[in-house]
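Data block below; observations after.
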Amino acid sequence: TWYHYSICSTIQCCPSGNNSTVTRLIYAFFLLLGVGIACIMLMPGMEEQLKKIPGFCVEGHVNCDVLVGYKAVYRVCFGMAMFFLLFSLLMVKVKSSQDPRAAVHNGFWFFKFAAATAITVGAFFIPEGAFTTVWFYIGMAGAFCFILIQLVLLIDFAHSWNESWVEKMEEGNSRCWYAALLSATTINYILSLVSLVMFYVYYTHTDGCTENKAFITVNMLLCVGASVMSILPQIQESQPRSGLLQSSIVTLYTMYLTWSAMTNEPDRKCNPSLLGIIGLNNTTPAGKDHPVVQWWDAQGIVGLVLFLMCVLYSSIRNSSNTQVNKLTLTSDESALIEDGPHPENFDVEDGENRAVDNEKDGVTYSYSFFHFMLFLASLYIMMTLTNWYSPDSSYETMTSKWPSVWVKISSSWICIALYVWTLAAPLVLVNRDFD
């Protein structure tokens, strides 16, 4: 279509393929570009450059060496978040590519890039006031929601993975595929068990760290319960494709969330750094009451990797899992049939096939929800890159606080509850079709 190539035809960089997939990948690139810029803001030496922005950080009132990188990440992510939130509102109830708003969604990339850049640059001139504090709590809420979306995508991935291997197992060479399925499940559970042991060893003490002991024990019992539930005869009868592979992935993800929550505990005795655990680093230099701010830590890097995987997967996914499709507001299988290439939908330019408009009869995903998910992803990456830290009352250093811990640990409980619900729903709502 003409609007998809208004810019692509000039720069000759847009890939061929389905319009729905190409568009999502380009938006994912927008987001990842913003993430890269936010990472640069935390690099050593950047604070001197950021201090040159008029009024961005006033020495004497705050410790600019500590705060400028933090504030810059918040501004960059604010710009990304507002861009995607604006498009989320603009794309409400778009039903097909025939809607004029679909032209804006699927094209005009140069102008959208310029708009996103302008919003982000403008964010650096927002007066401090209560902005950082308010945006911190908005970021926590958005990151909490994105953690749940990550779980939905992980369940979808596990379901597709399990279904693919089971089909191959039924087609032939069943022993080989059964061994592969069993090995993947076993590896996930072994990693979870190793994590559990390390949590008890390094994040608890006999005379303290009561909260950590409770978090680890409760989540361990919940994961065991969910795993047992997934192979109950009643569950298997209603959902033959459910099994321990999905449970093992949910268990491993829950262990990650538990670890992530404990790394935000204010008490450093119950929250050693990974480098400190292996004896390479001491985060509290002599003569200082507060630990040095260390933006790049192990759980942040793991969180960044998970984020990248989920964003890319959500951009290319074409799931047959009806329950997950309902949670992500993706159209049902009847609409997804149109996702294959049809000759009459190809756009031909200079003898080359370009992207296929495969949404003339109906969109294959919710435009509005996709942008809202990227809005939440922007908030999640903001919190992840800054380790969920916030300034202390004197704005002299960055500290970790209990609200961050409770947001993360409660998200792990809701994640398990969501997974259990996907197992139990067909038994509870007997009149609904979950095929």
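The values are calculated or read from the model by the stated rules, or taken from the named source; none is laboratory data. All values derive from a computational prediction rather than experimental measurement. Cβ placement follows ideal geometry from the backbone for every residue including glycine, while neighbour counts extend to all protein chains displayed. Side chains are part of the model used for accessible areas, which takes the heavy atoms of the whole protein and leaves out ligands, DNA and RNA. Shrake-Rupley method; radii C 1.70, N 1.55, O 1.52, S 1.80 Å.
Table for the structure above
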item: Helices (runs of 4 or more DSSP H) contained entirely in the range 141-252, each with at least 2 residues that are under 26 Å from the mean Cα position of the chain (by Cα) and either modelled with pLDDT under 90 or within 28 Å of Leu304 (Cβ to Cβ) (or both); result: 174-202, 210-230
item: Unique match (being in contact (Cβ under 8 Å) with a residue 40 or more places away in the chain and closer than 24 Å to Ser227 by Cβ) among Ala158, Ala143; result: Ala158
item: Residue pairs meeting the criteria (Cβ under 8 Å; at least 6 apart or on separate chains; first open to solvent by less than 50 Å² (accessible area, probe 1.4 Å), in the range 87-105; second at pLDDT 85 or above and part of a loop (DSSP other than H, G, I, E, B)); result: His105/Met91
item: Members of the range 197-207 that are in contact (Cβ under 8 Å) with a residue 40 or more places away in the chain and open to solvent by 20 Å² or more (accessible area, probe 1.4 Å); result: Tyr202, His205
item: Hey, Ser404 in a helix (DSSP H, G or I), among the small types (Gly, Ala, Ser) and modelled with pLDDT under 85 or not; result: yes
item: Only listed residue being exposed (fewer than 14 other Cβ atoms within 10 Å of the Cβ) and either within 30 Å of Tyr313 (Cα to Cα) or at pLDDT 85 or above (or both), chosen from Ile11, Ile7; result: Ile11
item: Odd one out for Thr422 among (1) open to solvent by less than 20 Å² (accessible area, probe 1.4 Å); (2) within 26 Å of Val250 (Cβ to Cβ); (3) modelled with pLDDT of 50 or more; result: (1)
item: Phe125 open to solvent by 40 Å² or more (accessible area, probe 1.4 Å), in contact with a Ser or Thr (Cβ under 7 Å, 6 or more places away or on another chain) and touching a residue at least 60 places away in the same chain (Cβ under 8 Å); result: no
item: Test: residue in the range 254-271 that is open to solvent by 80 Å² or more (accessible area, probe 1.4 Å), farther than 23 Å from Leu148 by Cβ, modelled with pLDDT under 90 and not charged (D, E, K, R); result: no
